[in-house]
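Every number in this text was worked out from the coordinates using simple rules, so none of it is lab data. Quick caveat, the model's predicted, so the values are computed rather than measured. Reconstructed Cβ throughout: ideal geometry from the backbone, glycine too, with neighbour counts over all protein chains shown.
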């Protein structure tokens, strides 16, 4: 039979203010297998822990129950204490009589006391069946997989690789960069987005510890922490990266024109294309969906125009198996579905655009060369309205939480609009201003006071 010790914490008045500690100690002392019971005002303190250590040694206890707060707060504390007394730490269990008892029954002390006794008895029954556990060491694969090649994935890959570990960076698009590559400037410093991003993209492509897999997707993960087996689908580019010189001759002769996804449909591209000028890898890719035909081959003009012989129509999807010890998921974000906010007229009214479309209008490498023009007629708009909180802070119809970034994001857009169109007027509809960050409040004040952006409080 176990020799169990029970230690009841007052937790100041958090527990003792609701539960009758003396009655609990008296009732538990008469419970089978319990040979020692005591209470203390703060059991997690150093004197409280020493009390537990000394009681284990003096009373030959072989199991311990600490009736206190949540295990998530102090389970490790008390298990370390019993370990110092020579007891296996897994022979210590926590009876949560604070969060699960005293805090929820503060208006009924008698019921709280009865419940506390029942909770402790249940944990006594549990610990009486516990067996000593010992840490097990298993080999760990010291290779890391990063899923997603946006700025977060890029920085994560660089941090891990610079620490001396091998990294596999998987990106589903033909180039790394993610949404940050579409941005014009960043807030609050208004630094050029590409000036920050491009050097990191190049660093990833040249780092000896990083294997870059673009146009690829993780399709299966098995195994366990420290030893994962990952299956990656590498889609065919139909262009040999090492041979491609990015001369553009293939693009010039391609007869197919489709909307450019990177430019958010504000311009067009060919069926063979580079996503954007700073793309990494700097290699063309054939859009198999929009190409006139690869199997069987129908056109072939791009291959005829390629002096570097970089076009390979025989490329096929490839399955790559890798074993890694850690996985970092940095898959980024998508914009809120426009079909859920049809009342704003997006898709029907040509001059209603989303934030990334506006970024491309602002960008010097965008479809308008950085000149803000209306999609409908190409004219420079003299009045512009920004609507914040679309799809957020609306628990009845949309998302109940705040997006956190749109206050600063909109302020940046309004400021850049005024810089591009000095005689224009910008209006911002908002619910609240939430600009929590270094220099953020000053940025908002600058936009309101110096740039004379009109802020109107209310939901559109």
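Miscellaneous remarks
- Gyration tensor verdict on region 251-333 (Cα atoms; rounded if a/c is under 1.5, prolate if a/b is larger than b/c, oblate otherwise): oblate
- Label point at residue 427 placed 7 Å out along Cα→Cβ; residues across region 369-408 whose backbone nitrogen lies under 14 Å: 382-388
- Between residue 140 and residue 41, the simple label model (points 7 Å from Cα in the Cβ direction) yields a spacing of 4.2 nm.
- Between 0 and 90°, nearest 10: helix 440-449 axis offset from the chain longest Cα axis: 50 degrees
- The fewest-to-most ranking of 245, 214 by surrounding Cβ atoms within 10 Å reads 245, 214.
- Sorting the segments 376-388, 302-314 by their residues' average number of neighbouring beta-carbon atoms within 10 angstrom, most packed first, yields 302-314, 376-388.
- Residue exposure sequence - 217, 396 - by fewest surrounding Cβ within 10 Å: 396, 217
- Cα-based helix-to-principal-axis angle, 71-84 vs the chain, degrees rounded to 10: 60 degrees
- You can think of it this way: the chain between residue 221 and residue 22 has 66.3 nm of extra reach, that is 0.36 nm per residue less the Cα-Cα gap.
- In this simple spin-label model, placing a label point 7 Å from the Cα along the Cα-to-Cβ direction at both residue 72 and residue 259 gives a separation of 4.4 nm.
- Peptides 339-352, 421-434 ordered by average Cβ neighbours within 10 Å, highest first: 421-434, 339-352
- Helix 46-59 and the longest principal axis of the C-alpha atoms of the chain enclose an angle of approximately 50°.
- Ranked by the mean number of other Cβ atoms within 10 Å of their residues, highest first, the peptides 55-62, 360-367 come out as 360-367, 55-62.
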